[in-house]
Amino acid sequence: MTTSGPDGPTKPITTGPDAPTSPTARRGDSTTRRIGRAIRGVLTDTRPLRTPAYRRLWTAGIVTVIGAQLSVVAVPAQIYQLTGSSAYVGLTGLFGLVPLVVFGLWGGAIADAMDRRTLLLFSGAGIALSSLALWVTAASGVGGVWLVLVLFAVQTAFLAVNQPARNAVIPRLLPLDQIPAANTLNMTVFQTGAIAGPLLAGVLIPTIGLPTLYLLDAIALLATLWATWKLPPVPPETNGERRRAGLREIAAGFRYAALHAVLLVSFLMDVVAMAFGMPRVVFPEIAQTVFGDPPGGGVAYGALFAAIPAGMVVAGLFSGSLHRVRRQGVAVTIAICVWGVGITLFGLAGSLWLAVLFLALAGAGDLVSSVFRMSILQTVATDEMRGRMQGVFAVVVAGGPRVADMWHGPAADWWGPGVAASIGGVLVVVGAVVVVAVFPVFWRYRAVHGT
């Protein structure tokens, strides 16, 4: 088709799918594509989910983490219900720390000496059985607070063996450039469960009773046992060498960490953040005495436990750009300071919504810190040392909050729970600044594997 003008025929007009696109339309399409790329770049990187073995573990973790958080809430609530004292709740720090240190380090050495899939199955079954034992004890009322603490210590031992093997498996399933994304996905789903679990516990405790939370945890663990069973064998890379898991091997792991300053400081930074700043032991008292929860726990108690994970989930959902960060030491330092500021403000909050908001801010900082510290560990350490480094990491990550439990409990009895939390937050910021000043190599560290 052609059109005529005063000077004769003009260019033909093409209609339909073959019609040329106008410059304005092309600019609009280009802008749309740029916006789409920008959004995808900000949102979570989901490439690791294309790997079936990792996808099964991650999906099963959604169910398992919710169940695990029911027990996390149930133990301190049960102890506070039995004793009425935050100091007794603080004993969970001692009863959790000792098996965590012993079996975390030993579990890391075992993970470097045997098939990691087999180790995950064994330790996962032990966690489930200990949850069943806690259910029987809570439902029957037999044993009192000391039996609860002992069973909690047994469960912590199995968790300490499980965690190094689980983290050491990930680099064997995925390319190294997907490790930060995998860690973000793991932490996001863990923290999603850590939101749903406490909130669900706050609703369930007054309705079905606290003991049933332990039973639900044991049932949920079946999902992860199934996903682990579906994994291929994951033996350590030994080059035919037979390995042991004794004191000599554990000591070799410490020597390895000591000789790699970036690894050593990454552990130290987490100790500063958690040992000073994790205020969870004061949640039962604050929920009841400040925010009006009934004895034994309620909505405020669940909200406080869910707030830090909520901040981590929000940060995880908008974490797509984290894999491009190469100054990971700087990122860890800033993130830990954000954690400390959030905890300080939480201790000063006079309303529940402010307390939840400041804990969520702290959680966002913790997500960023955790992703980069785990990525540093998984990429700097060699496979033959990866299990032992994960053992040290598990001890540090879980041991720091246990130390915080041990001093937050008595401090809450002496000065009040809010003051105890705020003191811890200030110490986090001061400690982080001091560590990077003493060890500037961490501040200068750049990622070994970028994308």
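The values are calculated or read from the model by the stated rules, or taken from the named source; none is laboratory data. Note that this is a predicted model, so its numbers are computed, not measured. Don't worry about glycine lacking a Cβ; one is built from the backbone with ideal geometry, like all the others, and counts go over all protein chains shown.
For region 412-442, a residue qualifies if it is small (Gly, Ala, Ser), part of a helix (DSSP H, G or I) and within 11 Å of Gly347 (Cβ to Cβ), and the qualifying residues are Ala412, Gly418, Ala420, Ala421, Ser422, Gly424, Gly425.
Selection within region 369-384: residues that are of a type in the set (D, E, K, R) and either modelled with pLDDT under 75 or touching a Pro at 6+ places or on another chain (Cβ under 8 Å) (or both). The member of this set that is farthest from Tyr445 (Cα to Cα) is Glu384. Taken over region 104-117, the criterion of being surrounded by 24 or more Cβ atoms within 10 Å (Cβ to Cβ) and at pLDDT 80 or above is satisfied by Arg116 alone. Restricting attention to region 331-388, the residues that are closer than 19 Å to Asp177 by Cα and assigned to a loop (DSSP other than H, G, I, E, B) add up to 2. Within region 409-429, does at least one residue satisfy the condition of being under 27 Å from Phe318 (Cβ atoms), at pLDDT below 90 and of a type outside the set (A, V, I, L, M)? For region 409-429, residues under 27 Å from Phe318 (Cβ atoms), at pLDDT below 90 and of a type outside the set (A, V, I, L, M): absent. Taking the stated definitions as given, is Ala404 free of Cβ contacts under 8 Å to residues at least 40 places away in the same chain and small (Gly, Ala, Ser)? Against the criterion (free of Cβ contacts under 8 Å to residues at least 40 places away in the same chain and small (Gly, Ala, Ser)), Ala404 does not qualify.
Tallying residues that are modelled with pLDDT under 80 and farther than 21 Å from Leu357 by Cα within region 310-333 yields 7. Among the numbered conditions (1) at pLDDT below 80; (2) under 37 Å from the mean Cα position of the chain (by Cα), tell me where Thr24 comes up short. Result: Thr24 passes all but (2).
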